[in-house]
Amino acid sequence: MDVSIEEALKVMGGAVLEPLRGDRSVHKISTDTRSLEKNDLFFALKGARFDGHDFIAEALEKGAGHFVLSGAKGPTLEQKRSANFIKVPDTLKAYGDLARFYRQKFKIPVIAITGSSGKTTVKELAAHILSQKFNVLKNRGTENNLVGVPKTILRLEKEHEVLVLEMGTSVPGEIERLSSIASPQVGIITQIGFSHLEGLKTQEGVREEKLKLISHVERGGIVILNGEDPMLKDVTCGVHKLVRVGSWKDCGDVTAEQVRCHETGSSFYIKGRMFETQLLGRYNILNCLFAIAVAEALGVDTSLIQKAVGSFKPVASRMTLKVIEGIHFLDDSYNSNPSSFKAALETLKELKIREKRGVVCGDMLELGKSSEALHRQIGALLASMLFDFVIAAGTQSKHLVDEAVKRGFEAKKIHAVKDSKEAGRLCREIAVAGDRVLVKGSRGMQMEKVFDCFITSSTR
């Protein structure tokens, strides 16, 4: 890692507790003593359930050469003699500041992706396509917050040619901060929906937060927007090139035609060229278009893009097909909000099958004061779709059940239960081999536990 402790000190604006000593180079940046190595720079970050300052002694034992601290907790006099200690007002801010400085050492394309849904799939697919031509670094899993994005940037090495970053937010200001750290050349906004309303309050608040990305795309860069989203219809980009994508006619600069969706994937055409994907549902065509637009902008050959789109496998628990005891589950259990829930229901409804269709769902969390109304909207939608059974888990899902019954859904076919375990047990009683069952819910509802109620499984 091409950073010295003097550079880090200057960037972070901290103060040394004792004169700098020993090796001034930084092996790598660490926030976790479990992966710490000799001469690492250890950031003592604070979270709701942890405080990195409690691990100073352990970090010293493992050979950390430098520390960044804040607050009242600090090293003993003896510990100060063993390593370099820098005190800053806020270790999280200092962490981001160092990542921003380090990112500027790399003159490579950076792609930043945000939106209410689809971020992880677009990130993974874009990285998969771009890796056909470039050495790509991306976020691990969903490390998309004020810790995860800097952590990814600080993993950059000389061999990397492209950086793909997913950016999440739950309160105002996070996208602004993350975008300023990353300085992307390409910015993607997948959708403006009802998500994280406890912090962002309204859909307009979500829109305002997500659009902060655009102001930090480098001058002359590319902004790629969802051409189907009315919340993004009037967005202009000034000095940036604007590209809109869509899976409907005349809704984008990059548009999918002749769309065909089935139970094992989808196919579509762009300007006469056919693309096939293992991703399920029409909404995932849109996710493909974001990734394709990025790849085209970076000069990846169309034949390589076609091959990569076809070979990409769905991200776990994001609309993946699981066959368990003969039941075909559409596993979309990783997370949920109103927009992604509607898209998942439409995917289930559009399957051309004769077998029964069922839904096992959990609460959509972090919707604030709008929670009841938004659950009732989903209940009304369910009533119009005529599924064979619905099992809804959680306190907020009771509103969904109530509204569905009010709108004409047969009461004997819809069930309100306490949690995902109870939902799984009831599903096992109701569903039979051949049925198609959507499993969907927010992360906190742990809807993956539905599958624990079944004995044997095989996953595509």
(request) Consider VAL245 carefully, then state whether it is of a type in the set (Val, Ile, Thr) and out of contact with any Phe, Trp or Tyr (no Cβ under 7 Å at 6 or more places or on another chain). (result) no
(message) Checking ILE353 against (1) among the β-branched types (Val, Ile, Thr); (2) part of a strand (DSSP E or B); (3) more than 25 Å from the chain's Cα centre (by Cα), only one condition comes out false. Which one?
(response) (2)
(request) Among the residues of the stretch 297-326, count how many are hydrophobic (A, V, I, L, M, F, W, C) and buried (at least 21 other Cβ atoms within 10 Å of the Cβ). (result) 5
(message) If I filter the stretch 330-350 for residues that are more than 24 Å from GLN191 (Cα to Cα) and of a type in the set (A, V, I, L, M, F, W, C), do I get at least one hit?
(response) no
(request) Can you tell me which residue within the stretch 212-226, out of those that are in a helix (DSSP H, G or I) and of a type outside the set (D, E, K, R), is surrounded by the most Cβ atoms within 10 Å (Cβ to Cβ)? (result) LEU213
(request) State whether one or more residues within the stretch 331-345 are outside any helix (DSSP H, G or I), in contact (Cβ under 8 Å) with a residue 60 or more places away in the chain and aromatic (Phe, Trp, Tyr). (result) yes
(request) Name the one entry in LEU289, LEU345, LEU298, LEU304 that is modelled with pLDDT of 95 or more, closer than 30 Å to LEU365 by Cβ, touching a Lys or Arg at 6+ places or on another chain (Cβ under 9 Å) and of a type outside the set (Phe, Trp, Tyr). (result) LEU345
(request) Find the residue count for the stretch 381-397, including only residues that are buried (at least 17 other Cβ atoms within 10 Å of the Cβ) and either of a type in the set (A, V, I, L, M) or under 16 Å from SER336 (Cβ atoms) (or both). (result) 10
(message) With the condition being of a type outside the set (D, E, K, R) and more than 23 Å from the chain's Cα centre (by Cα), I'd like the strands (runs of 3 or more DSSP E) fully within the stretch 227-284 carrying at least 2 qualifying residues.
(response) 257-262, 265-270, 273-277
(message) Checking GLN278 against (1) in contact (Cβ under 8 Å) with a residue 24 or more places away in the chain; (2) surrounded by 21 or more Cβ atoms within 10 Å (Cβ to Cβ); (3) of a type in the set (S, T, N, Q), only one condition comes out false. Which one?
(response) (2)
(request) Sort out which residues of the stretch 18-35 are more than 26 Å from the chain's Cα centre (by Cα) and surrounded by 18 or more Cβ atoms within 10 Å (Cβ to Cβ), and write them in order of number. (result) VAL26, HIS27
(message) So, VAL171, is that one under 26 Å from ARG244 (Cβ atoms), surrounded by fewer than 24 Cβ atoms within 10 Å (Cβ to Cβ) and either free of Cβ contacts under 8 Å to residues at least 60 places away in the same chain or touching a strand residue (DSSP E or B) at 6+ places or on another chain (Cβ under 7 Å) (or both) or not?
(response) no
(message) Of the residues LEU98, LEU45, only one is of a type outside the set (Val, Ile, Thr), modelled with pLDDT of 95 or more and more than 30 Å from ASN337 (Cβ to Cβ); which?
(response) LEU98
(request) Would you check which residues across the stretch 149-161 are surrounded by fewer than 23 Cβ atoms within 10 Å (Cβ to Cβ) and aliphatic (A, V, I, L, M) and list them? (result) LEU154, LEU156
(message) If ARG49 satisfies all but one of (1) in a helix (DSSP H, G or I); (2) exposed (fewer than 12 other Cβ atoms within 10 Å of the Cβ); (3) of a type outside the set (Gly, Ala, Ser), what's the number of the condition it fails?
(response) (1)
(request) Find all pairs meeting these conditions: Cβ atoms under 8 angstrom apart; at least six residues apart or on different chains; first residue within the stretch 177-190 and at positive phi; second residue surrounded by fewer than 24 Cβ atoms within 10 Å (Cβ to Cβ). (result) SER183/ARG100; SER183/ARG103; SER183/GLN104; SER183/VAL110; SER183/HIS216; SER183/GLU218
(message) Given the options PHE329, PHE341, PHE290, name the one that is within 29 Å of PHE194 (Cβ to Cβ), surrounded by 15 or more Cβ atoms within 10 Å (Cβ to Cβ) and not assigned by TED's automatic domain parsing to the domain that holds ALA411.
(response) PHE290
(message) Test of understanding: among VAL206, VAL164, which residue is buried (at least 21 other Cβ atoms within 10 Å of the Cβ) and part of a helix (DSSP H, G or I)?
(response) VAL206
(request) Of all residues in the stretch 259-281, count the ones that are farther than 15 Å from VAL309 by Cβ and in contact with a strand residue (DSSP E or B) (Cβ under 6 Å, 6 or more places away or on another chain). (result) 0
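The values are calculated or read from the model by the stated rules, or taken from the named source; none is laboratory data. In this text, all values refer to a predicted model and were calculated from it rather than measured experimentally. Neighbour counts are summed over all protein chains in view; Cβ atoms, including those assigned to glycine, are modelled from backbone coordinates with ideal geometry.
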